[in-house]
1. Could you please give the count of residues in region 258-282 that are part of a strand (DSSP E or B) and among the small types (Gly, Ala, Ser)?
2. Could you count how many residues in region 149-160 are in contact (Cβ under 8 Å) with a residue 60 or more places away in the chain and surrounded by fewer than 23 Cβ atoms within 10 Å (Cβ to Cβ)?
3. Find the strands (runs of 3 or more DSSP E) located wholly in region 2-56 whose residues include 1 or more that are more than 18 Å from residue 255 (Cα to Cα) and either under 18 Å from the mean Cα position of the chain (by Cα) or in contact (Cβ under 8 Å) with a residue 24 or more places away in the chain (or both), and list them.
4. Just one of 259, 239 is on the phi < 0 side of the Ramachandran plot, surrounded by fewer than 24 Cβ atoms within 10 Å (Cβ to Cβ), out of contact with any helix residue (DSSP H, G or I) (no Cβ under 9 Å at 6 or more places or on another chain) and assigned by TED's automatic domain parsing to the domain that holds residue 147; which is it?
5. Among the residues of region 201-217, are any surrounded by fewer than 16 Cβ atoms within 10 Å (Cβ to Cβ), hydroxyl-bearing (Ser, Thr, Tyr) and free of Cβ contacts under 8 Å to residues at least 60 places away in the same chain?
6. Checking the condition outside the structural domain of residue 365 (by TED's automatic domain parsing) and not in a loop (DSSP other than H, G, I, E, B), which residue from 254, 331, 320, 343 passes?
7. Give the residue, chosen from 225, 218, that is at positive phi and not charged (D, E, K, R).
8. Of the conditions (1) out of contact with any Lys or Arg (no Cβ under 9 Å at 6 or more places or on another chain); (2) not in a helix (DSSP H, G or I), residue 285 fails just one. Which one is it?
Amino acid sequence: MSFPFQISATDGLARTGVLKTARGDIRTPAFMPVGTAATVKALSVDQVAATGADIILGNTYHLMLRPGPERMRRLGGLHRFMGWSGPILTDSGGFQVMSLSGISKVREEAVTFQSHIDGSRHVLSPERSVEIQADAIGADIVMQLDECVSWPAEQARAREAMELSARWGARCKAAFGTRDRQALFGIQQGSTFEPLRRESSERLIEIGFDGYAIGGLAVGEGHQAMCETLDFATGFLPAQRPRYLMGVGKPVDLVEAVARGVDMFDCVLPTRSGRHGQAWTWDGPINLKNARFAEADEPLDPDTPGDASQRYSKAYLHHLVRADEILGQVLLSWHNIAFFQTLTAAMRAAISEGRFEAFRRDFHARHVRAD
């Protein structure tokens, strides 16, 4: 394995540890802020680092379109380009196979995209995806190219995508080769079907990856169905490797996934919510557009560290949001990222101290009931 994964404590299926990379340690459970187009929206890299984030995520499809892989390569890769010194994981572009299905065509050899920006045509094969991620972007963790199906999916269609993803995984592994400073993760597929998730895992394990992601969830199936799928999906993956649940999610999703043995997460939710006036807090999400906050003089969330959470009143944030001031989007995005990092840090501490189930109950009583 390129990056050692050391599990320091377990509590039930929940576990905490460290994924050691050439650019720094990733403490797990870990939430990765999403920097789709070389920026965590509305925030500087220093603000992101101040929240406690160990790693961020970039997206191959979007970076492939602009600034483009060749320019990224000439400028020294994504770390230097955006000024982030810590680890970076890149999404291979597989999610866009689904989300941009109207302007993409999937074949055995590759995916053909029509750019949503200017209509230009782009071909992304497993080999090209690895080349862009590992060599042009310089990602520390590279994801295999996969096909993600929307929900609901017929079992036959889910099998077709799972089998293609497994074949693409083998091609990605061959293209990736052996690298000391970078890791390659495979992606389990199979929608909500247990036999398909099992077979997908067996095929990926036979290929051999540094870590394993759970793909094809948080695509419309809902929280309960996601949890029911994770009840079996995580157990099919190697215990000694990091498990990454892609594109998830709400705070309750993170807590319940950690309870089922997941180690890593990413989602656009914190910054997207922040840009639309929503703050995630220990007492559930709140909408700062609401008139009841017009004279609320208390801080946004005293239990989340940082200026965005503790320095400014809800009344001030309400004013910024209602006045459509950019600072409101910045502060709420900053707070939301800080809250997600505080949540994962609290889970790490609870697992280490053998009280994760008590933490889980308290979280539900306070946050989920409010939500």
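The values are calculated or read from the model by the stated rules, or taken from the named source; none is laboratory data. Source: prediction; values computed, not measured. Methodologically, a virtual Cβ is constructed for each residue, glycine included, from the backbone with ideal geometry; neighbour enumeration extends over all protein chains shown.
1. Just the residues of region 258-282 that are part of a strand (DSSP E or B), to begin with: 264-267, 278-281.
Now drop any that are not among the small types (Gly, Ala, Ser), which leaves 279.
Qualifying residue count, region 258-282: 1.
2. First pass over region 149-160, keeping only residues in contact (Cβ under 8 Å) with a residue 60 or more places away in the chain: 149-152.
Next cut, surrounded by fewer than 23 Cβ atoms within 10 Å (Cβ to Cβ) only: 150-152.
Residues meeting the conditions: 3.
3. Details: elements: 5-11, 14-21, 24-28, 30-33.
Where strands (runs of 3 or more DSSP E) fall fully within region 2-56 and carry at least 1 residues being more than 18 Å from residue 255 (Cα to Cα) and either under 18 Å from the mean Cα position of the chain (by Cα) or in contact (Cβ under 8 Å) with a residue 24 or more places away in the chain (or both), they are 5-11, 14-21, 24-28.
4. Working: 259 fails: out of contact with any helix residue (DSSP H, G or I) (no Cβ under 9 Å at 6 or more places or on another chain).
That would be 239, the only listed residue that is on the phi < 0 side of the Ramachandran plot, surrounded by fewer than 24 Cβ atoms within 10 Å (Cβ to Cβ), out of contact with any helix residue (DSSP H, G or I) (no Cβ under 9 Å at 6 or more places or on another chain) and assigned by TED's automatic domain parsing to the domain that holds residue 147.
5. Within region 201-217, the first condition is being surrounded by fewer than 16 Cβ atoms within 10 Å (Cβ to Cβ), and the residues that meet it are 202, 206, 208.
Next, only the ones that are hydroxyl-bearing (Ser, Thr, Tyr) stay: none.
Checking region 201-217: not a single residue is surrounded by fewer than 16 Cβ atoms within 10 Å (Cβ to Cβ), hydroxyl-bearing (Ser, Thr, Tyr) and free of Cβ contacts under 8 Å to residues at least 60 places away in the same chain.
6. Numbers: 331 fails: outside the structural domain of residue 365 (by TED's automatic domain parsing); 320 fails: outside the structural domain of residue 365 (by TED's automatic domain parsing); 343 fails: outside the structural domain of residue 365 (by TED's automatic domain parsing).
The conditions single out 254.
7. Numbers: 225 fails: at positive phi.
Going through 225, 218 in turn, the sole match is 218.
8. (1)
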